[in-house]
Amino acid sequence: MNSSIEFSSYPIGEFHELCLLAGKPSRPKILIVPPLFDEMNRMRRMLIDVMRSLANWEISTCLMDLPGTNESMLPRDQASLSLWQESVQSCADHMETNHIASFRGGILAVDLLPAADHWQFSPIKGRTLLRTMMRTRIASDKESGVITKVSELEELAKTKPVELAGNQINPTLFSELQSAHPPELQNQRVARLLTDSKPCDIGLEGSALWLRAEPDSDISLSKAIAKDLADWIGQ
């Protein structure tokens with residue numbers, strides 16, 4: 001089967017956001033919700049490998065861009081978690097899919113689809129994401145001779161956008177992420193790395209690509225994820 005990647009789009013409000021498609025449209029689609037912020041960039045190559053593997057098994061996939069990311073027309077500092085949740089719902093409706101595979105912080109954007117079937121890879125709290133990015137900001141400031149504290153960044157984020165790990169986080173998004181937890185969904189399957197001790201339905205061997213300094217791939221992990229996704233939807 002042709003496992004080439006094609007560009008498409010989905011509507012959200014006054015915009016159309018880009019997405020990538022792999023596989024025949026007539027086959028069941030899996031909507032892939034990517035990780036958030038810099039984790040998205042580090043794991044994108046792996047996600048493309050997963051899509052190509054699934055296409056070879058005649059399972060089509062859609063990898064969506066969230067508003068305010070990549071080539072989105074929405075300014076980055078206007079993104080919000082509630083908008084991302086609406087965009088996931090809109091993309092799922094547009095692609096007519098009921099299977100959602102979300103990675104890392106992407107799980108925080110699936111709240112509006114409780115009846116869908118959900119596959120989750122290493123789900124994470126919004127506050128944990130913010131803490132990681134704040135530590136990156138603090139380390140960068142320290143190298144420049146500036147002492148910054150987490151409490152100072154949290155206070156600043158209440159009234160104005162704050163730059164964290166190359167991302168402009170507006171007060172609304174910061175507040176939403178502070179209280180965001182992976183939702184408990186009735187039809188869900190959780191996958192984690194074997195080195196992760198948190199509860200899950202399956203442990204997969206591989207590396208934590210979201211911790212790498214640069215984008216990278218892990219073919220063994222990509223194939224393991226693709227196989228579990230295929231088993232999950234009964235292919």
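Quick note: the coordinates plus some simple rules give every number you see, no bench work behind them. Keep in mind it's a predicted model, so treat the numbers as computed, not measured. Cβ: placed from backbone, ideal geometry, glycine included. Neighbour counts: every protein chain shown.
Where both bridge residues fall in the chain, DSSP classifies roughly 45% of the beta bridges as antiparallel. Placing unit charges on the Cβ atoms only, positive for Lys and Arg and negative for Asp and Glu, gives the chain a dipole magnitude near 480 debye about its Cα centre. Prolate is the label for the chain, because a/c, from the alpha-carbon gyration tensor with a ≥ b ≥ c as root eigenvalues, is 1.5 or above and a/b exceeds b/c. Under conditions of 4 °C and 1.567 mPa s, region 127-180 yields 117 µm² s⁻¹ as its translational diffusion coefficient, taking Rh as the Kirkwood radius over Cα pairs in the Stokes-Einstein equation. Distance from the Cα centroid of region 199-215 to that of region 35-100 is 18 Å (rounded to whole angstrom).
I need Phe174, Phe103, Phe7 ordered by Cβ neighbour count within 10 Å, fewest first. Spell out each step's value before the answer.
Values: Phe174 21, Phe103 28, Phe7 8.
Least to most surrounded, the residues fall as Phe7, Phe174, Phe103.
Find the relative contact order for region 127-180 and round it to a whole percent, using C-alpha pairs within less than 8 Å whose residues are 6+ positions apart. The value is 37 percent.
For the peptides 138-151, 200-213, 86-99, the ranking by mean Cβ contacts within 10 Å, running from highest to lowest, is 86-99, 200-213, 138-151. Taking the chain as the reference, fit the longest principal axis to its C-alpha atoms, fit the long axis of helix 38-56 to the helix C-alpha atoms, and give the angle between the two in degrees, 0 to 90, nearest 10. On a 0 to 90 degree scale, this one is about 0. Distance between the 7 Å Cα→Cβ label points at Glu155 and Leu112: 3.6 nm.
Projecting the Cα atoms of Ser144, Ala180, Val162 onto the charge dipole of region 127-180 (Cβ charges, centred on the Cα centre) puts Ala180 farthest toward the positive pole.
If I take R0 = 30 Å and measure r between the Cβ atoms of Ile202 and Ser144 in this structure, what FRET efficiency does the formula 1/(1 + (r/R0)^6) give, to the nearest 0.05? If you can, show how the numbers build up before the last one.
Numbers: r = 43 Å, r/R0 = 1.44.
Calculated transfer efficiency: 0.10.
Which parts of region 166-201 would a label at Arg131 reach, counting a residue when its backbone N lies under 15 Å from a point 7 Å out along Cα-to-Cβ? Counting only backbone N, you get 177-182, 198. With angles folded into 0 to 90 degrees, how steeply does helix 81-95 sit against the dominant principal axis of the chain? Use alpha carbons for both and round to 10. Between the helix axis and the principal axis of the chain, the angle is about 10 degrees. In this simple spin-label model, placing a label point 7 Å from the Cα along the Cα-to-Cβ direction at both Arg212 and His16 gives a separation of 3.3 nm. Length gained on full extension, Lys24 to Asn56: 10.5 nm, using 0.36 nm per residue less the C-alpha separation. Each Cα pair under 8 Å and six or more residues apart adds its separation to the average, and for the chain the resulting relative contact order is 22 percent.
Using the Cα centre as the reference, give the magnitude of the dipole from point charges on the C-beta atoms of region 127-180 (Lys, Arg: +1; Asp, Glu: -1; all else neutral), rounded to the nearest 20 debye. Kindly include the intermediate steps, with their values, before the conclusion.
Working: 8 positive and 7 negative charges, 24 e Å.
Value, rounded to 20: 120 debye.
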